[in-house]
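Working notes, structure below.
Only the coordinates and a few stated rules stand behind these numbers; no lab work does. Owing to the predicted nature of the structure, the values given are computational and were not obtained by experimental measurement. Cβ placement follows ideal geometry from the backbone for every residue including glycine, while neighbour counts extend to all protein chains displayed.
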């Protein structure tokens, strides 16, 4: 994290600890709360351990630069929670201790869920959680709990379901009010400070005078949430008609003028495009291939694509893919790398190979840890304003590029004097290479050289700007997704360096994210893991190991995938109703539900990822138990899929693979005993056939 601890403060803190743990050097008492002396000592020690590079994220600083307030979140291993460690709010992390405190003090729980790169989370922090008077209201009348949704997606899923039930919309920061046993009775998202302060007063009063009504409402909400987060077990067949219904639903939701699914805001929805590409490869449907190419070109042309640094922002705020929400998430880079690699397989477009290569270059430059794992995200906010790191003015380009290249860049990236975002420009493309190369009387190679020079110059200039905050936690599932993408891209593009990156990350995860009991950490931060994995972590890493097996032929990776699947099934399978729970039974703290991730969102659903793992293992290993588990999972989630097929495209893709085999450059038959690989080089198709021991080719 990009904060630092002033040397003057670090020296003063050590002296203060030596003089006594309750001295004024450590900081003021949190308003409306009393911090026990042993906890104060732990916090003081933890603050020293942060070292001279640490900068408290708060406006409440003493004259020597030390934080005036420090709460329990300083002890956590989440960058998001640590961001809130110096709020005057008496925050608790999620866990049994917080709810025990709520019962002891007979206070309702205020639950705030967000993530470190969320713009509106930062806004609510500045306006409300760093506001001393609002903090006093929270501390005196509530037990306040802060959750990093990326570390605890199971908690996020449960309580977001309740908020959507109450308000018909959702988002982050999520703000919920709970009973002492963890049941939502009211909730929302972002609140301006005046509204939030008034809401706190009203909820506190209601807790005192209308407790029975609150408990009744909370019980009703909890019952509904539990129903909504479980699978609809029903005897349903997943046949071709369900695939066709999914395609029909997606055609209806598609924006044929601007590309993509829906209107605004627009998300890449990568699971959908992986499904569509798979269907186009299976069917040879030229119209479907045209649809895919139009949409992927629109996304690549838009401002959601970082044309200078490579990679993609999380979503577009408008229909045109023009103005992004500027955060850059690892899971988007992983999924879009995979999408553009497979789209290259479908279309042969060299542009897609270039986009994939620039995603990998961005990964190297901004998101790869020294150990080889991949960091989670870059913030939406830049110091000085949202998106400031990424936007440009015409005058900057003229000063940096010189007259000849500046004219080309301004035309190519559509810069205007007025700009399209806060007086500056989000770069985007509206005209093809052929038109502009002809306009400037350049050959295609000259045009390519000019654009490369422009990108290099602007990237060097951008490096001198203050980079947005990077969330340096390493999430198992998202790393698994990136390893899968890199391994598959290495096969599709014939690029060994992609595989090297994938192998390095896999070794890192095996050494740091795997416990002695065979279990996984959900994430690590600075080498430490504090939260156990959810089902998607096992599935995502298992898929990655299968992809490494395909790319290397090393059975070690297949064995690792089998081991993960066995642990996953033991800890997360629901023997009563089928399907996989998000979290293990010992996840900690009360909850309204033990949810199952069923519908795809920004990432594939947990059960879809498990299904992809099982189907992948079934094709490569002769194991009747794996086949049975695959069939059991399909049966368990079939009712949900049939009800709304287009919300389950990752699962549908896995079901197609289970029944009909894959469409990638590696194919299997006879439960992995026969392996077929294809590659094209210099217009020559090479086919390699591998046959397992005990098998032979019948020449007749």
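Within 10 Å of each residue's Cβ, count the other Cβ atoms and sort 674, 89, 225 from fewest upward.
Working: 674 15, 89 31, 225 25.
Ordered from fewest to most neighbouring Cβ atoms within 10 Å, 674, 89, 225 come out as 674, 225, 89.
Go ahead and run the numbers for FRET between residue 395 and residue 39, Cβ-Cβ distance against an R0 of 60 Å, rounding to 0.05.
Working: r = 53 Å, r/R0 = 0.89.
E between residue 395 and residue 39, to the nearest 0.05, is 0.65.
Taken along the Cα-to-beta-carbon direction at a fixed 7 Å, the label points for residue 576 and residue 365 span 5.3 nm. The stretch between residue 434 and residue 516 holds 23.7 nm of extra length on full extension. This uses 0.36 nm per residue minus the Cα-Cα distance.
Within a 10 angstrom radius of the beta carbon, how do 66, 523 rank from fewest other beta carbons to most? Don't skip to the end; give the middle numbers.
Values: 66 22, 523 28.
So the ranking, lowest neighbour count to highest, is 66, 523.
Per-residue counts of other Cβ atoms within 10 Å, averaged by peptide: what ranking do you get for 615-626, 284-295, 74-85, highest first?
Values: 615-626: 19.9, 284-295: 15.8, 74-85: 23.3.
Answer by packing, highest mean first, reads 74-85, 615-626, 284-295.
An oblate overall shape is assigned to region 97-136, the ratio a/c of its alpha-carbon gyration tensor axes (a ≥ b ≥ c) being 1.5 or greater and a/b not exceeding b/c.
For the peptides 99-109, 268-278, residues were scored by their other Cβ atoms within 10 Å and the scores averaged per peptide; the highest-first order is 268-278, 99-109.
For the chain, a Kirkwood radius taken over Cα pairs fed into Stokes-Einstein (4 °C, viscosity 1.567 mPa s) yields D = 48 µm²/s.
For the pair residue 53 and residue 181, label points projected 7 Å from Cα toward Cβ lie 4.7 nm apart.
Under the criterion of Cα pairs below 8 Å and six or more residues apart, the relative contact order for region 100-201 equals 37 percent.
Quick check on packing: order 568-577, 338-347 by the mean number of other C-beta atoms within 10 Å, highest mean leading. Please report the intermediate quantities before stating the final value.
On the way: 568-577: 15.5, 338-347: 24.1.
For the peptides 568-577, 338-347, the packing ranking is 338-347, 568-577.
Shape of region 503-546 from its Cα gyration tensor (a ≥ b ≥ c, root eigenvalues): rounded if a/c is under 1.5, otherwise prolate when a/b > b/c, or oblate? It is oblate, given that a/c is not under 1.5 and a/b is not larger than b/c.
What the pair-distance distribution of region 250-407 shows, using all Cα-Cα distances binned every 5 Å from zero, is 2, 9, 16, 19, 19, 15, 10, 6, 3, 1, 0 percent. Spacing of the modelled spin labels on residue 504 and residue 566, each 7 Å from Cα toward Cβ, amounts to 3.2 nm.
Okay, helix-only estimate at 222 nm for the chain: each DSSP H run of n ≥ 4 adds -39500 (n - 2.57), divide by all residues, round to 500 deg cm²/dmol; what do you get? Let's see the in-between values first.
On the way: 24 runs with 346 residues, N = 700.
Value at 222 nm, helices only: -16000 deg cm²/dmol.
The relative contact order of the chain comes to 12 percent, based on Cα pairs under 8 Å that sit 6 or more residues apart.
Pop the C-beta distance of residue 251 and residue 528 into the FRET formula with R0 = 56 Å and round what comes out to the nearest 0.05.
Working: r = 47 Å, r/R0 = 0.85.
Approximately 0.75, to the nearest 0.05.
Under 1.5 on a/c is rounded, so check that first for region 555-690, then, if it is not, pick prolate when a/b is larger than b/c and oblate when it is not; a ≥ b ≥ c are the square roots of the alpha carbon gyration tensor eigenvalues. Prolate. So what's the angle, to the nearest 10 degrees on a 0 to 90 scale, between helix 7-19 and the longest Cα principal axis of the chain? Relative to the chain, helix 7-19 is tipped by roughly 50 degrees. Gain in length, residue 628 to residue 688, computed as 0.36 nm per residue apart minus the alpha-carbon separation, to one decimal in nm? So the extension gain works out to 18.6 nm.
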